[in-house]
Structures are given as C-alpha cells and as structure tokens.
Amino acid sequence: LLQFLLHGDFKNSISICKNFIKFSELGYFFDQILRPVMYEVGNLWKYNKLDIGSEHVATNTAMRIIDTITSKTKSKPNAKTILVCTPVGEYHLLPCLMMETFLLQLGYRVVNLAPSAPTKSIINYVLENKPDLILISITLKDNRNSAKRLLRELTKLKIPILIGGQAVQTRDEFGIAKVLGSPKVAQLSKIVKEEIR
C-alpha cells in the first residue's frame, strides 16, 4: 500500500482496502493498515527520504480511498450528531476523515469542520446545531495551545468533548475534556457510546 499511495495508484490502493474489509472491519483497516502506512510516509518526509510532493500524493490518494468508502455510507434516521474538528492552525485532515467514515458506518450523523476552522466558527456551529458530541483532533504539538483555547470556549456549552491525536500527551493538560491520546479507530465505537448515551 505504501508504494501504491506514493505513486498515486488509486486503483490498487482501493483494491487493498476493499479486499481487507471483505474479511475484517473498516476500523481495523484504518488501525492496522492505513494509519501505519501514513506514519511511515510522515517519517520518510521527516528524515528527508521523501519530498513534500510525494507526501501530498500519498495523502491525497489516501483521502480518495476514504472518500470512496464514505460516499457509500449513510447515517441512520434520528441518529446522534457528532462534530469532528481541529483547532485553528491544525491542517491534518486525514485522521478526521477516518473518524468521520468510521462513525458514519456505525450510523451516527457526522459533521466534519476540519481542518483549521476558527474557534468562533466552531462555536457558532455548535450553538446553532447543538451536536451530541464534539471530537477534536490534534496531530502537531505546536497546535496544543490553540486546542486549549478552543476547549475553554467549548466547555462553556456543556456538550461532551473528546480530544485526541498524536499531539495529545497527558490527560491533565486539557482540563475537563476526556482525553483519548491516539486511540485505535476501532475503539471509538465504545468510547462514543459511553459519552452520548
């Protein structure tokens, strides 16, 4: 899959995905295949073994895979609504797309405001639409302070909030929000059910 993504080979990439989920669950595809491959892409770029153009090709191809899966997934009528977002400055969209697709498959209604929506826009959306749960994703450590500012505003609205991603290091740095760290996508089902009973 790594080689197919780096070469923008959508046909073979989606074939791997479809073959995997014939015998397993989508969450496991994200956790065991796509996520480790994308971490490897990131590491190759970080250590100058891959140029940014190739990294973008791989990421865009991965997003096309997720988009293809999402287009065939519908939420249930009267489903609980989950808002997925990132703090301002956080442009990593792929984790949010994986969460969106997985939660849609479980029947939730998912609204994805990622990446990097201004805090005011997120607050306005929440006030107008009153989602049942807010998921915040942070990939880069540099964006932890903007996440804390977003959380300060969101916690005033009394809606359950989950925060996670590679940049989340400790449970106590984000106040009252439930901190996920970098959970497996397949674990989200249980965690979300507990938060929005």
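The values are calculated or read from the model by the stated rules, or taken from the named source; none is laboratory data. Quantities reported herein were computed from a predicted structural model and do not represent experimental measurements. Cβ sites come from the backbone with ideal geometry, for glycine too, and all protein chains shown count toward neighbours. Ligands, DNA and RNA are excluded from the accessible area calculation, which covers all protein heavy atoms including side chains. Shrake-Rupley method; radii C 1.70, N 1.55, O 1.52, S 1.80 Å.
A few points about this structure:
- Within segment 124-160, tally of residues that are of a type in the set (D, E, K, R) and open to solvent by less than 40 Å² (accessible area, probe 1.4 Å): 0
- Which listed residue is crowded, with 19+ Cβ neighbours inside 10 Å and farther than 15 Å from VAL192 by Cβ, from GLU100, GLU90: GLU90
- Filter result (over 15 Å from the mean Cα position of the chain (by Cα) and outside any loop (DSSP other than H, G, I, E, B)) within segment 61-96: THR61, THR68, THR81
- GLY107 fulfils the conditions (1) on the phi > 0 side of the Ramachandran plot; (2) touching an Asp or Glu at 6+ places or on another chain (Cβ under 6 Å) except for a single criterion, (2).
- Just one of (1) open to solvent by 70 Å² or more (accessible area, probe 1.4 Å); (2) more than 30 Å from LYS130 (Cα to Cα) fails for GLY42. It is (1).
- When we screen ILE191, ILE163, ILE159, ILE176 for residues that are in a loop (DSSP other than H, G, I, E, B), hydrophobic (A, V, I, L, M, F, W, C) and modelled with pLDDT of 85 or more, the only hit is ILE159.
- Qualifying residue in segment 45-54 (condition: in a helix (DSSP H, G or I), exposed (fewer than 13 other Cβ atoms within 10 Å of the Cβ) and of a type in the set (Gly, Ala, Ser)): yes
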